[in-house]
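> Following this message is one structure expressed as structure tokens.
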Amino acid sequence: MILETLSTILLISGAFFSLTGAIGLFKFPDFFTRVHAASVTDSIATILIISGLILRTDFDLVAIKLLFILVFLLLTSPTASHALAKSARHGGLLTLAEIRDTQNKDNG
Amino acid sequence: MFAQHFPVLPIVLPLIGAPVCMLLARSQLAWLFATLISGFSFFISIVLLLTTLDQGVLSYALGGWEPPWGIEMRVDVANALVLSVVTGLSTLVLVYAKQSIDKEIDRNQHTLFYTAHLLCLAGLSGILSTGDAFNLFVFLEISSLATYTLVSLASDRRALTAAFRYLVMGTIGATFILIGVGMMYMKTGTLNMLDLAARIAEYDSNRTLNTGLAFILIGVSIKLALFPLHMWLPPAYTHAPSAVSAFLAGTATKVAVYVMVRFIFTIYGAEYVFHEMGMDVILLVLAIVAIFNCSFVATVQSNVKTMLAYSSVAQIGYMILGISLVTSAGLMAGLLHIFNHALMKGALFMAVGAVLFRTGSADIKAYYGLGKRMPLTMAAFTIAGLSIIGVPLTAGFVSKWYLVTAALEQQHWLIAFLILTGSLLAIVYIGRVLEVAYFKEPADPTDTTIKEAPVLMLIPMWILVLANIYFGIDTSLSVSAADAASKWLFQPAADLGAVR
Amino acid sequence: MAELIDLVLLGMLAITALRIIFLKDLFAVVMLFGIYSFLSALIFVNLDAVDVAFTEAAVGAGIATVLMLGTLALTGRKEKANSHTALLPLLVVIVTGAALIYGTLDMPPFGDPENPANQHVAPRYIEESPQEVGLPNMVTSVLASYRAFDTLGETAVVFAAAIGVLSLLGLPKQSQATIESGLKSHLVLRVVAKLIIPLILVFALYVQFHGDYGPGGGFQAGVIAAAAIILYALVFGLPLATQVIQPKLLKILASMGVLIYAATGVAGLFFGGNFLDYNVLASDPVAGQHIGIIVIEFGIGVTVFAAILSIFYGFASQAERANIQ
Amino acid sequence: MSFIVDYYNYWIVVFLMMAGFYIVISANNLVKKVVGLNIFQTSVFIMYISIGKVSGGSAPILADGITSYSNPLPHVLILTAIVVGVATTAVGLALIVRIKRAYGTVEENEFKDKDALI
């Protein structure tokens, strides 16, 4: 019973973070903030959802498989976000603040 | 010991041969190996044809699982006949290919050519022998993928766009067939052709089954280049390597015609398709338009390969015409034309390839005065051309004769007249080439590099030419096989089920 | 509940498809196609086709998208504005669609257990295959035993595709890693990739040999193993990858896989059965089935791995070539 | 009403198929054509899998306590078809790469013009 409540809380908060991530992806103004929003969905939301799912198993083979998926995702999704942001940076993309700075300099 | 496995061997041999061929690094070795494999398949097909003429149908359950749970190979007279044509032409083309592709294909791609050819052969044999509707789709895709590769191997860049267009059209066609098979499966729960036939016969008229048939027929029509879905074929045949054109023109579209016959006669039953859905009228009209439209287009082509490609589409019209007459005689004439057309188009494309080999061009200008310089090649072209026209004592005459008789039997005077008029157009386009070859002087009379084609190209070409004459005089084998096949196919589907 | 999820997913697919029609940015089109593919994988899971979903996610969404992106890198990402009117295609599509809708009107209802498709051939697979073939995963039983000839054909199709790409694009020459290539500056990526690639390979082996019991099998395993090497090539550069797995070896492996499969079938002949009959491979039919299925799944895995990887090599070598010029 | 519940799945799938088919025959860009082919085929796969679904059934992997399984046969067919589809895609894309190299464009109407010049 306690486990089930705990798992429900985890699942709902996971769903909440996915939703905020998705909203952020649409609403944020530039590339870097959007990557940030997307990586929220990738990392914290998946951690919460998979932990919630693990609590609902009988702690058998399924739980171990889920644990593997969790570890794998923890390794890959931050790396993917990092690689994305870094490539954008290498490609010469500026953040919104930097664009504003350069514009101010040009004007002033 | 292996006799009972013969129905599956024409597929399995080239299918195993292809990867082995890939491993043989030397071009010569790959050629020898591929030719042997193909020749052996031809031998088995002949044995199968004789056995089926004698005993009727041969059924082979793959994996030992009885149909409809497992996949069944089902060889009867009809597919054994087409199978012999396909494997026989493949062997001759492979013999011919050695020198032809030396000139047309990059050296380090020769093994890939032979591998793709064997895969194509395996796919075509699979389409012919299989008794399972989905298995047919799988083999269709093997042969198609191999064909796209074969076409694109040519060095001309237009071969690439031709292959791409072929790929898009071919995939649309295959997907349509897939949709149709899905609809049939939905209503019957089976994929085995005989089982399908028995279960479809239980429905009187059903909108899902009708749509399924329509999609299959459209899909197959794309594959067999039925007018107006033929637009992929002329560029593909024009720009493909000569050996590939010779092989495909004689086999690929003919196998698709066979697939159409199979779906119409074995699975749905002629009664259902023609009387309830009225498909015969549609096919008849398309066939006649194909004959006239494409023969006309052929008469104005300056590239001889393109001309022959359009002529192929027109000849497919004759086959479909035979089928759409809805009589045993008509179907027999159609099947006979599959056989004869492979002989004549194979020979014609080989002759054109030999000219391309010596002159480097397939344009009609290259043919000026060739009658003296390449007498054997042009003689082969002439005889095979006469066969296309339908001159007596050639194979082409025999199939036209039976076609006209079949039309007259039904009192379709107009159709008989149209068939004969269509032949007149063939006289025009073949005549143009013969005229410049024999009655015009070469553009450069001092050029001595143009001489007779190599022996290895002449032998298979002349085998086909002699076959054209032989089957024009002694029709007993071809006609009796086609006749048995059409009678076999014309039995009501329910009777076929009883054979098992 | 399952129907509701199905409906939502189908709706999302429809939106994705419509978006693809009107987009001109091909990069976005390809990404949306990846999404389309993943969504259909979800539908497959929802409709109980777990094996299919696995394959669609790995092959459709994974490999197809990677190849499309590779092509875009070579051909440019903008579609030119189309001047001719799209009236004829629209007409063709409307007629075809109307025909299909007409066809649906006599279809058996969706999901009904009484449908002909669920009543005729399939019950035997469900009821008998655990005894006859001895595997819990019925999809594997049907795939590898009842309809093994289809699967042989399918392996040949993969082989044919490899031949096609090989003849069109060629293979990279095995070269020293002198050319600047790969993602040298991405330290994090390199470290994580080194950590993950062995894990992916282990997972591929698991999928390969667990296919009898759960979703998976040779196709998925081959694709996953190829993906590991593709990741390696992306991060560390193609020249290094060609030193790990040599292009020449791939040619041999692709052929060997098909031969292993076909040889299993031929073995059936020599032991007195039909082609691809595994019952005769051992004294006990079920044990024979098991041996046969393991061997052919291995053959499939080898061919798929080698074919997918050589296809990737073909595209990558073209990209490399374009970079040098 | 039951009419809609029985068929809604197939109708949406028909729409998806036609969306893919439309992209294939209307697109001028070859890459987009290939994407269209893939969408067309994937939608046909969904149709097949829908045939095999049994309401209340579960995935066709033998398990204790489950009596109703979905039909495994369409799954097998579509596994094959997916692989066939990706094989065609690979060859098609390879052709596109070569066409780009030979013609400098992958727009269908442009290379038709270029061939006419020769």
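> Looking at (1) facing another protein chain (nearest Cβ under 7 Å); (2) free of Cβ contacts under 8 Å to residues at least 12 places away in the same chain, which one does D:PHE3 not meet, given that it meets all the others?
Exception for D:PHE3: condition (1).
> Answer yes or no: is there a residue in the range D:98-108 that is hydrophobic (A, V, I, L, M, F, W, C), open to solvent by 10 Å² or more (accessible area, probe 1.4 Å) and more than 7 Å from chain C (Cβ to nearest Cβ).
Checked the range D:98-108: at least one residue is hydrophobic (A, V, I, L, M, F, W, C), open to solvent by 10 Å² or more (accessible area, probe 1.4 Å) and more than 7 Å from chain C (Cβ to nearest Cβ).
> Considering only residues that are within 23 Å of B:PRO392 (Cα to Cα) and either open to solvent by 10 Å² or more (accessible area, probe 1.4 Å) or among the basic types (Lys, Arg) (or both), which ones fall in the range B:311-331?
B:ALA329
> Are any of the residues in the range A:25-45 open to solvent by less than 50 Å² (accessible area, probe 1.4 Å), aromatic (Phe, Trp, Tyr) and in contact with a Ser or Thr (Cβ under 8 Å, 6 or more places away or on another chain)?
Checking the range A:25-45: at least one residue is open to solvent by less than 50 Å² (accessible area, probe 1.4 Å), aromatic (Phe, Trp, Tyr) and in contact with a Ser or Thr (Cβ under 8 Å, 6 or more places away or on another chain).
> Just wondering, is there one or more residues in the range C:153-176 that are of a type in the set (Asp, Glu), at pLDDT below 85 and either buried (at least 20 other Cβ atoms within 10 Å of the Cβ) or not in a helix (DSSP H, G or I) (or both)?
Step one: of the range C:153-176, the residues of a type in the set (Asp, Glu) are C:154.
This time we only want the ones that are at pLDDT below 85, so: none.
Within the range C:153-176, none of the residues are of a type in the set (Asp, Glu), at pLDDT below 85 and either buried (at least 20 other Cβ atoms within 10 Å of the Cβ) or not in a helix (DSSP H, G or I) (or both).
> Name the residues in the range C:63-86 that are assigned to a helix (DSSP H, G or I) and either more than 8 Å from chain D (Cβ to nearest Cβ) or farther than 19 Å from D:VAL44 by Cα (or both), would you?
Just the residues of the range C:63-86 that are assigned to a helix (DSSP H, G or I), to begin with: C:63-75.
Listed by number, the residues that qualify are C:ILE63, C:THR65, C:VAL66, C:LEU67, C:MET68, C:LEU69, C:GLY70, C:THR71, C:LEU72, C:ALA73, C:LEU74, C:THR75.
> When the range A:67-85 is examined, which residues are found to be in contact (Cβ under 8 Å) with a residue 12 or more places away in the chain and either within 10 Å of chain C (Cβ to nearest Cβ) or basic (Lys, Arg) (or both)?
Our first condition is that a residue be in contact (Cβ under 8 Å) with a residue 12 or more places away in the chain; within the range A:67-85, this holds for A:67, A:69-70, A:73-74, A:77-78, A:80-81, A:84-85.
Hits for the range A:67-85 are A:PRO78, A:ALA80.
> Test A:SER13 against the criterion of being among the hydroxyl-bearing types (Ser, Thr, Tyr) and closer than 30 Å to C:GLY214 by Cβ, and give yes or no. Full working, then the answer.
Values: among the hydroxyl-bearing types (Ser, Thr, Tyr): yes; closer than 30 Å to C:GLY214 by Cβ: no.
Considered against the rule, which asks whether it is among the hydroxyl-bearing types (Ser, Thr, Tyr) and closer than 30 Å to C:GLY214 by Cβ, A:SER13 comes out as no.
> Within the range B:92-141, work out how many residues are open to solvent by 10 Å² or more (accessible area, probe 1.4 Å), charged (D, E, K, R) and within 10 Å of another protein chain (Cβ to nearest Cβ).
Within the range B:92-141, residues that are open to solvent by 10 Å² or more (accessible area, probe 1.4 Å), charged (D, E, K, R) and within 10 Å of another protein chain (Cβ to nearest Cβ) number 1.
> Here's a follow-up. Let me confirm something: among C:PRO89, C:PRO108, C:PRO123, which residue is part of a loop (DSSP other than H, G, I, E, B), free of Cβ contacts under 8 Å to residues at least 24 places away in the same chain and either open to solvent by less than 50 Å² (accessible area, probe 1.4 Å) or facing another protein chain (nearest Cβ under 7 Å) (or both)?
Details: C:PRO89 fails: part of a loop (DSSP other than H, G, I, E, B); C:PRO123 fails: part of a loop (DSSP other than H, G, I, E, B).
So the residue among C:PRO89, C:PRO108, C:PRO123 that is part of a loop (DSSP other than H, G, I, E, B), free of Cβ contacts under 8 Å to residues at least 24 places away in the same chain and either open to solvent by less than 50 Å² (accessible area, probe 1.4 Å) or facing another protein chain (nearest Cβ under 7 Å) (or both) is C:PRO108.
> Is it true that B:ASP102 is under 30 Å from C:GLU128 (Cβ atoms) and charged (D, E, K, R)?
Values: under 30 Å from C:GLU128 (Cβ atoms): no; charged (D, E, K, R): yes.
It is false that B:ASP102 is under 30 Å from C:GLU128 (Cβ atoms) and charged (D, E, K, R).
> Restricting to the range B:358-385, give me the number of residues that are of a type in the set (Ser, Thr, Tyr), touching a residue at least 60 places away in the same chain (Cβ under 8 Å) and open to solvent by 10 Å² or more (accessible area, probe 1.4 Å). First the steps, then the outcome.
Step one: list which residues in the range B:358-385 are of a type in the set (Ser, Thr, Tyr), which gives B:359, B:361, B:367-368, B:377, B:382.
Among the residues that remain, those that are also touching a residue at least 60 places away in the same chain (Cβ under 8 Å) are: B:359, B:367-368, B:377.
If we keep only those that are open to solvent by 10 Å² or more (accessible area, probe 1.4 Å) as well, we get B:359, B:368.
The qualifying residues number 2.
> Please work out which residue is farthest from C:ALA17 (Cα to Cα), limiting yourself to the range D:31-72 and to residues that are small (Gly, Ala, Ser) and open to solvent by 10 Å² or more (accessible area, probe 1.4 Å). Write out each step before concluding.
Taking the range D:31-72 and keeping what is small (Gly, Ala, Ser), we get D:36, D:43, D:50, D:52, D:55-59, D:63, D:65, D:68, D:70.
Right, trim to open to solvent by 10 Å² or more (accessible area, probe 1.4 Å) and you get D:55-59, D:63, D:65, D:68.
Values: D:SER55: 27, D:GLY56: 29, D:GLY57: 29, D:SER58: 29, D:ALA59: 28, D:ALA63: 37, D:GLY65: 40, D:SER68: 34 Å.
Result: D:GLY65.
> Regarding C:GLY60, is this residue at pLDDT below 85, outside the structural domain of C:ILE229 (by TED's automatic domain parsing), open to solvent by less than 40 Å² (accessible area, probe 1.4 Å) and assigned to a loop (DSSP other than H, G, I, E, B)? I'd like the intermediate steps shown before the answer.
Values: at pLDDT below 85: yes; outside the structural domain of C:ILE229 (by TED's automatic domain parsing): yes; open to solvent by less than 40 Å² (accessible area, probe 1.4 Å): yes; assigned to a loop (DSSP other than H, G, I, E, B): no.
For C:GLY60, the condition - at pLDDT below 85, outside the structural domain of C:ILE229 (by TED's automatic domain parsing), open to solvent by less than 40 Å² (accessible area, probe 1.4 Å) and assigned to a loop (DSSP other than H, G, I, E, B) - is not met.
> Mind checking whether some residue in the range C:253-267 is open to solvent by less than 40 Å² (accessible area, probe 1.4 Å), at the interface with chain B (Cβ under 10 Å from one of its Cβ atoms), assigned to a helix (DSSP H, G or I) and aromatic (Phe, Trp, Tyr)? Give the steps one after another, and end with the answer.
Residues of the range C:253-267 that are open to solvent by less than 40 Å² (accessible area, probe 1.4 Å), as a first pass: C:254-255, C:257-259, C:261-262, C:264-267.
Next, only the ones that are at the interface with chain B (Cβ under 10 Å from one of its Cβ atoms) stay: C:254-255, C:257-259, C:261-262, C:265-266.
Now narrow it down to the ones that are assigned to a helix (DSSP H, G or I): C:254-255, C:257-259, C:261-262, C:265-266.
Now narrow it down to the ones that are aromatic (Phe, Trp, Tyr): C:261.
Yes, the range C:253-267 contains a residue that is open to solvent by less than 40 Å² (accessible area, probe 1.4 Å), at the interface with chain B (Cβ under 10 Å from one of its Cβ atoms), assigned to a helix (DSSP H, G or I) and aromatic (Phe, Trp, Tyr).
> Given the residues B:ILE267, B:ILE218, which is the only one that is in a helix (DSSP H, G or I) and open to solvent by 10 Å² or more (accessible area, probe 1.4 Å)? Please lay out each step first, then the result.
Details: B:ILE267 fails: open to solvent by 10 Å² or more (accessible area, probe 1.4 Å).
Unique residue meeting the criteria: B:ILE218.
> Given the structure, is D:ASN28 facing chain C (nearest Cβ under 8 Å) and surrounded by fewer than 24 Cβ atoms within 10 Å (Cβ to Cβ)?
Details: facing chain C (nearest Cβ under 8 Å): yes; surrounded by fewer than 24 Cβ atoms within 10 Å (Cβ to Cβ): yes.
So D:ASN28 passes the test.
> Any residue that is surrounded by fewer than 21 Cβ atoms within 10 Å (Cβ to Cβ), assigned by TED's automatic domain parsing to the domain that holds C:PHE22 and touching a strand residue (DSSP E or B) at 6+ places or on another chain (Cβ under 7 Å) - is there at least one of those in the range C:67-77?
Yes, the range C:67-77 has at least one match.
The values are calculated or read from the model by the stated rules, or taken from the named source; none is laboratory data. Model, not experiment: these values are computed from the prediction. All Cβ positions, even for glycine, are placed from backbone atoms using ideal geometry, and neighbour counts span all protein chains on display. All accessible areas refer to the heavy atoms of the entire protein, side chains included, with ligands and DNA or RNA removed. Shrake-Rupley method; radii C 1.70, N 1.55, O 1.52, S 1.80 Å.
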